[in-house]
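Chemist: Mind having a look at this structure? Questions to follow.
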């Protein structure tokens, strides 16, 4: 295995704030996103070169602001195979240790689709930034399907969308502006924070809490919504594709409220958000993703109709419990690197069963934990081809990190957490 250090940044740049301006250009055979980054950062040592993660980005016009001076930077993509882009100071003294500065750079990112997969779906699971069928069909299901732009950046795909320090330990606030030539009627543009300012040409979103890059998200498409509020006034919405009856999102909205209120009480910690959205997307590669303030679910694991079988309803309850719990385990408190994935996912898998058991005690759902999660983890652990330590070094190559999202990290991790809870007792454990 290659030394993972060659794919890791050296910690010389600590992000303090990401400012992003994005213009989706989705027409034509090669859809893209044009953007600009304003990154306020602090150096941890003397620096003449700024190195960030970037994959398949075209970067131009880079400058550095140091106080009242603006300096041009030379852009170097010679390490693109290692998923880096570098910016060199020209005829200027190096940054001092502890100095704060602002990097500004314009860039273009590819957008993947089934027709043009591109690098952003390189892991084959619909991750990155891509165009999916967003809905908008007629009620009879006939007619074209309107496109939906969506991001899925976990674990190492934020670098596919914008230059960044793409490691979970480096958390800071984000502020996003989306430029729009024209927003079709019935379209919604969503991100981690609320829209703060809107005009005919731009949507400016508010500032997010400090968060890891993989939690950044944007969704745009033909969507309509149901709305509710928690008892303390947190706004909750479930968005469904137009053409999907809103009644199919009622259970999801109910579960979203129950989960937020349950975890806020359990952890005695309120979410530092003004809103929490849950969006159903028809062609999401994974089942769901816990983006801070903007959960995305595969539509058939959110929408519930009279024809939905009971086992699917139970799985949806679990899934909402899992993804909402990540706002505390993963989003508010975060892992340093993907070596510790089992802590994030093991806790979330454990907590989803705690949530289900509290909400529906008549289901006797801990027996499902033994027959499904525990049994699957034992089976994988007994197989020499799939067994590994619950905590193990993440694969060296960033494109292979997703391989560790398996039954050992999730299931065995959850079994370890449950064993610890049983040994300590709930009062000590919590």
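The values are calculated or read from the model by the stated rules, or taken from the named source; none is laboratory data. Keep in mind that what you see is a predicted model, and the values were worked out from it rather than measured. Glycine gets a Cβ as well: all are built from the backbone with ideal geometry, and neighbour counts include every protein chain shown.
Chemist: Among residues belonging to segment 196-225 that are outside any loop (DSSP other than H, G, I, E, B) and over 25 Å from residue 131 (Cβ atoms), point out the one that is nearest to the chain's Cα centre (by Cα).
Modeler: Our first condition is that a residue be outside any loop (DSSP other than H, G, I, E, B); within segment 196-225, this holds for 196-198, 202-205, 211, 213-215, 218-225.
Applying the additional criterion that residues be over 25 Å from residue 131 (Cβ atoms) yields 196-197.
Working: 196: 21, 197: 23 Å.
So the residue we want is 196.
Chemist: Please work out which one of (1) buried (at least 20 other Cβ atoms within 10 Å of the Cβ); (2) outside the structural domain of residue 393 (by the TED database); (3) farther than 27 Å from residue 170 by Cβ; (4) within 19 Å of the chain's Cα centre (by Cα) is the condition residue 317 fails and give its number.
Modeler: (4)
Chemist: Okay, next question. Given the criterion touching a residue at least 24 places away in the same chain (Cβ under 8 Å), surrounded by fewer than 21 Cβ atoms within 10 Å (Cβ to Cβ), assigned to a loop (DSSP other than H, G, I, E, B) and assigned by the TED database to the domain that holds residue 84, identify the matching residue among 182, 169.
Modeler: On the way: 182 fails: touching a residue at least 24 places away in the same chain (Cβ under 8 Å).
Only one candidate qualifies: 169.
Chemist: Are there any pairs, at least 6 apart or on different chains, whose C-beta atoms fall under 6 Å, with the first in segment 209-233 and free of Cβ contacts under 8 Å to residues at least 12 places away in the same chain and the second surrounded by 22 or more Cβ atoms within 10 Å (Cβ to Cβ) and not in a strand (DSSP E or B), and if so, which?
Modeler: No pair meets every condition.
Chemist: Okay, moving on. Report yes if some residue within segment 281-288 is farther than 30 Å from residue 403 by Cβ, in contact (Cβ under 8 Å) with a residue 24 or more places away in the chain and not in a loop (DSSP other than H, G, I, E, B); otherwise report no.
Modeler: Keep residues of segment 281-288 that are farther than 30 Å from residue 403 by Cβ, which gives none.
No: zero hits.
Chemist: Taking residue 342 as the residue in question, decide whether it is surrounded by 13 or more Cβ atoms within 10 Å (Cβ to Cβ), at pLDDT 95 or above and farther than 20 Å from residue 323 by Cα. If you could, list the steps in order and put the result at the bottom.
Modeler: Working: surrounded by 13 or more Cβ atoms within 10 Å (Cβ to Cβ): yes; at pLDDT 95 or above: yes; farther than 20 Å from residue 323 by Cα: no.
It is false that residue 342 is surrounded by 13 or more Cβ atoms within 10 Å (Cβ to Cβ), at pLDDT 95 or above and farther than 20 Å from residue 323 by Cα.
Chemist: List the strands (runs of 3 or more DSSP E) inside segment 9-126, counting only whole elements, that have at least 1 residues being at pLDDT 95 or above and over 26 Å from residue 192 (Cβ atoms). Please lay out each step first, then the result.
Modeler: Numbers: elements: 13-25, 32-43, 49-53, 57-66, 69-76, 84-89, 100-110.
In segment 9-126, 32-43, 49-53, 57-66, 69-76, 84-89 are the strands (runs of 3 or more DSSP E) which contain 1 or more residues that are at pLDDT 95 or above and over 26 Å from residue 192 (Cβ atoms).
Here is a yes/no grid of residues against (1) over 26 Å from residue 171 (Cβ atoms); (2) touching a strand residue (DSSP E or B) at 6+ places or on another chain (Cβ under 8 Å); (3) surrounded by fewer than 16 Cβ atoms within 10 Å (Cβ to Cβ); (4) in contact (Cβ under 8 Å) with a residue 24 or more places away in the chain:
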{"residue": "6", "(1), (2), (3), (4)": "no, no, yes, yes"}
{"residue": "32", "(1), (2), (3), (4)": "yes, yes, no, yes"}
{"residue": "38", "(1), (2), (3), (4)": "no, yes, yes, yes"}
{"residue": "45", "(1), (2), (3), (4)": "no, no, yes, yes"}
{"residue": "61", "(1), (2), (3), (4)": "yes, yes, yes, yes"}
{"residue": "65", "(1), (2), (3), (4)": "no, yes, yes, yes"}
{"residue": "86", "(1), (2), (3), (4)": "no, yes, no, yes"}
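Chemist: Looking at segment 237-253, is at least one residue in contact (Cβ under 8 Å) with a residue 40 or more places away in the chain, assigned to a strand (DSSP E or B), in contact with a helix residue (DSSP H, G or I) (Cβ under 6 Å, 6 or more places away or on another chain) and buried (at least 19 other Cβ atoms within 10 Å of the Cβ)?
Modeler: yes
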